[in-house]
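Let me begin by presenting the structure, written as structure tokens, before commenting on it.
The values are calculated or read from the model by the stated rules, or taken from the named source; none is laboratory data. Because the structure is predicted, anything quoted here is derived from the model rather than measured. We place every Cβ from the backbone using ideal geometry, glycine too, and count neighbours over all the protein chains shown. Protein only, heavy atoms only, side chains kept; ligands, DNA and RNA dropped before computing areas. Shrake-Rupley method; radii C 1.70, N 1.55, O 1.52, S 1.80 Å.
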Amino acid sequence: MVNTMTLTWEATREFAVMAEYSTYGSVVVLQVNNPPVNSFSYHVRQGLVDGLEKAQRDPAIRSIVIMGKGRTFPAGADVREFGTASAGMMPDLLSVLAAVDTSPKPVVSAIHGTALGGGFELALASHYRLAVPSARVGLPEVHLGILPGAGGTQRLPRVVGVKTAIQMITTGQHIKAQQALSLGLVDKIVQGDLLKEAVSFARSIEGRPVEDRRISQKTVPDAEKVGEVVDAARKTIIRRARGAIAPMTCVQAIQASVLPFDVGMQRERELMAFLMTSWQAPAQQYAFFSEREVRRWSHPRDKRVNFKTAKPRVIKSVGVVGAGTMGVGITISLLQAGLKVVLLEVNKKQLDRGITTIQKTLSQKSASQRMSLLTTTMDYSALSDVDMVIEAVFESMRLKKEVFKKLDSITKPQAILASNTSGLDIDKIAAVTKRPDKVVGTHFFAPANIMRLLENILGKHTSAETIATAMQLGTTIGKVGVLVGNCPGFVGNRMLGPYVTEAVFLLEEGADPQDVDKAIEEFGFAMGPFRMGDLSGLDIGWRGRIEKGLTTEQGPPPATPPLYRRGNRYCPLADMLCMQGRLGQKTGAGWYRYEPGSRAALPDPVVQQMIREYRQEHGFKKRTISSQEIVERCLYPLINEGFHILDEGIAARSMDIDVTYLFGYGWPRHTGGPMYYAEKVVGLEKILRSLESYQAQYPDHHYLQPSPLLRDMVAKGTSLAALGTDSKL
Ligand SMILES: CCCCCCC[C@H](O)CC(=O)SCCNC(=O)CCNC(=O)[C@H](O)C(C)(C)COP(=O)([O-])OP(=O)([O-])OC[C@H]1O[C@@H](n2cnc3c(N)ncnc32)[C@H](O)[C@@H]1OP(=O)([O-])[O-]
């Protein structure tokens, strides 16, 4: 039992601020105090080493507890320090952990919050680990393009075996306390006050030898199977990594854990140095910080549109109009966040289908509780009292205007009206209401309950309060909200336009859909443009082109040259598929064919024949197109559109574009996003010169014309970060 009297701070705070030193009789408690996540900045490392040394010197001290102050046990190395002088300053994390491991007095890590990365490595270097039930542990370094470089690849397999270590480290998953206990990663789960419990536990183990508690001295339990385990895991890891080098490098380090500890540590250090100096690690760290930085939004249009000053309205209940795929996904997200939802659908069958999907998707445990927050209706008057409505009807301006007129007359005057549109003009929708200041675009991505991106569109009259409310709602429901301006397609779909168009032009010249998809997937996308089109439904784009007058259900509009529309080059291959009823996966055929019940895209001789005949008819000569050309011709125009978007102020910062693509379009994270990739991986000058060269070859592909901003930046040597507003990066 801990004497509560001893719980008053006796210690001086000479290592205060970053690692506080306190004594409770024979126990020293070192509390890391570096908000918000107690990361191991230089001062924390120094504080811990000083504290450990002081505890060793004091004969009255018999055990040491390490814990985190505030919300968490250390969540890892200070990533902002990477690449700076303080990252290399001694003591480094390895020497802190060596001092813990070799301490003759037992060291207990007492975990609450999230012990991640270097934090969990510190816990593994300790002789005992306690955790509160809500704690989570893990080694998520792979998401930052590196490996657990403070012994994590060597100590974890010594506890859980190579197989589980590979699984944990290559996925970077966080493990709950209970599972950590069953894996032997924590020794005890403690209820109640962690400090008291930890001090009491530390007293109970004083005097016991620490040698057999040192993980570094243990052997890997499944060491003899290491080759077999690695072989079995390799294929899946490489496929999942999609070009990221960190996962397989982590495996190489884990493989070395069967060697003597010091040899394995040396191997870990070498592999860490390899990753740290690769171009992928900074890209992934940029992605990590950008995901957080977009929360500090602002817009050049109006200085009141700024996260610092704009106050969101409190939203307790939300109406959702439309129980199609999007409306249902949005409803699920809102219910999962504990919000009250009124789901309106005028078609009874559709409504019933929607309710069934919602019930099935919500987790068994909380389904009835979540479902009690849902009201369903076919009557607009049920929306009279909600704080906000998200319209998710079919993508038609006429229909959306009708819905907004009704919503404006029925909902309370202060209610916010949001449209889940993927590209329609928010100002036109707002214009049919008497409250354009309360109208905003909220573009969710399918499946809306899974995809993390929420593109929030600021209309001409949208107030700062309204946009703040949309951004806040995104956070509440676990989305990554990005603020963008109003233009056709907003940021994401506008940039996708030239990408998809150029992909189809590649078919004219000799590529097959699978050639283009393969090149884009090798670049790192989960799906190339043709597989993606088949998944989303080819009719979406077709309907859009019909609405714009570019085509009709029967073929090209009368008196139109076959390969041109309004003076621009046009390829009708996608329209031809739709006219044959090939709308993608849902009809069993699109750019590919699909066996009943299967999602596997199979090359289709029918499509290949159609493309061949088309080439013949229009005099295109087939040639072999390299993967590099495919990647450049699809991605550089997309990037170029990003520069137009920045130039027009549709996105305030390049990171808003990057986050949009990382979270909404499956852009490979290890390349940082399209704008980061353009600047830091390829180089702006090279992008510009390639666009110029392709433009010379294809003068009527208008989007290959380099953006004036890109030209200007190359000429002046300006960086993208220098353009941004409010950026802390
Ligand atoms: C010889 C050399 C040897 C080198 C050895 C190093 C080896 C080691 O294995 C490497 C590591 O540990 S790598 C690290 C491995 N660890 C990880 O990868 C863990 C990464 N972190 C996370 O997963 C989440 O932040 C938490 C789950 C910790 C908290 O989630 P939440 O409650 O939703 O909160 P939130 O909004 O997410 O964050 C709040 C604020 O903290 C900031 N920040 C956070 N972590 C940071 C860090 N490590 N650093 C700096 N900053 C970090 C974050 O940016 C944000 O700042 P803002 O200014 O307010 O925007």
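Between Ile245 and Ser598, the modelled labels are 3.7 nm apart [label points 7 Å from Cα along Cα→Cβ].
Please give the calculated 222 nm ellipticity per residue for the chain, where each DSSP H segment of at least 4 residues contributes -39500 (n - 2.57) and the sum is spread over every residue; nearest 500 deg cm²/dmol?
Working: 28 runs with 317 residues, N = 729.
Mean residue ellipticity at 222 nm (helix-derived): -13500 deg cm²/dmol.
For a straight C-alpha distance cut-off of 17 angstrom, the lysines reachable from Lys303 (same-chain residues fewer than eight places away being disregarded) are Lys311, Lys460. Given R0 = 22 Å, the distance between the Cβ atoms of Ser626 and Arg689 translates into a calculated FRET efficiency of 0.80.
If you take the Cα centroid of segment 626-668 and the Cα centroid of segment 444-501, the two points sit 15 Å apart. Quantify, in whole percent, the carbon and sulfur part of the accessible surface of the chain (1.4 Å probe; protein heavy atoms only). Heavy-atom surface of the chain belonging to carbon and sulfur, 1.4 Å probe: 55 percent. For segment 263-405, the spread of Cα positions along the three principal axes, ordered from largest to smallest, is 69, 45, 29 Å. Accessible area per residue for segment 8-275, computed on protein heavy atoms with a 1.4 Å probe, is 40 Å². How tilted is helix 261-276 with respect to the longest principal axis of the chain? Cα atoms for both, answer in degrees (0 to 90, nearest 10). For helix 261-276, the angle is close to 30 degrees.
Looking at the chain alone, DSSP beta bridges between its own residues are antiparallel in about 30 percent of cases.
Of all beta bridges that DSSP places with both ends in segment 317-490, some 15 percent have antiparallel geometry. Put simply, segment 8-275 fits an ellipsoid with semi-axes of 30, 19, 17 Å; these come from the alpha carbon gyration tensor as the roots of five times its eigenvalues, largest first. By definition, a body whose alpha carbon gyration tensor gives a ≥ b ≥ c is rounded when a/c is under 1.5, and segment 381-470 falls into this rounded group. Packing-based ranking of 194-202, 249-257, 574-582, 590-598 yields 249-257, 194-202, 574-582, 590-598, ordered from highest to lowest mean Cβ neighbour count within 10 Å. Its residue count N sets the reference 2.2 N^0.38 Å, and the alpha-carbon radius of gyration of segment 86-222 equals 1.01 times that reference.
Using only side-chain charges placed at the Cβ, +1 for Lys and Arg and -1 for Asp and Glu, the dipole size of the chain relative to its Cα centre rounds to 1420 debye.
Expressed in Å, the radius of gyration and Dmax of the Cα atoms of segment 254-298 are 16.3, 53.
Highest average first, the peptides 516-522, 380-386 ordered by how many other beta carbon atoms sit within 10 Å of their residues are 516-522, 380-386. Structural descriptor for the chain: relative contact order 9 percent, calculated from alpha carbon pairs under 8 angstrom and at least 6 residues apart. Each pair of Cα atoms in segment 511-618 enters the Kirkwood radius, and Stokes-Einstein at 37 °C and 0.692 mPa s then converts it into a translational diffusion coefficient of 225 µm²/s. Relative protection proxy for 341-351, 320-330, from highest mean packing down: 320-330, 341-351 (other beta-carbon atoms within 10 angstrom). Listed by chain and number, the aspartates and glutamates whose C-alpha is less than 14 Å from the C-alpha of Lys188, apart from same-chain residues fewer than 8 away, are Glu197. Our note on the geometry: Cα centres of segment 376-439 and segment 177-242, 53 Å apart. Scaled against the 2.2 N^0.38 Å expected of a compact globular protein of N residues, the Cα radius of gyration of the chain reads 1.07.
For segment 317-490, the spherically averaged projection of the C-alpha convex hull amounts to 8.5 nm². Counting only aspartates and glutamates at least 8 places from Lys405 when in the same chain, those with an alpha carbon closer than 14 Å to its own are Glu391, Asp427.
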